[in-house]
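Notes for the one structure printed next.
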Amino acid sequence: MRRVGAGFHNNLRVAATLAEAGYNFRLVLGDGGHSPNHGGVLLPDALRWLWRPDEG
């Protein structure tokens, strides 16, 4: 089992704070570490989310 560090818990805490403040954000969690493969898989969808039509 992979050990989860403080960074993971801090990310969850920041996400909870953003949600409570009403920010529109997206937190994507994975089961691996940082790598070019991981970023390459997430990047296209992240860019679509970033440049999505305004919801307001």
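The values are calculated or read from the model by the stated rules, or taken from the named source; none is laboratory data. Quick caveat: nothing in here was measured; it's all calculated off a predicted structure. Every residue, glycine as well, gets a Cβ built from its backbone with ideal geometry; the counts of neighbours run over all protein chains shown.
If you go through the range 1-50 and keep only what is small (Gly, Ala, Ser), assigned to a helix (DSSP H, G or I) and surrounded by 10 or more Cβ atoms within 10 Å (Cβ to Cβ), you end up with 15, 16, 19, 39, 46. When you check residue 41 against the structure, is it among the β-branched types (Val, Ile, Thr) and within 11 Å of the chain's Cα centre (by Cα), yes or no? In short, no.
On inspection, residue 36 qualifies as out of contact with any helix residue (DSSP H, G or I) (no Cβ under 8 Å at 6 or more places or on another chain), modelled with pLDDT under 90 and not hydrophobic (A, V, I, L, M, F, W, C).
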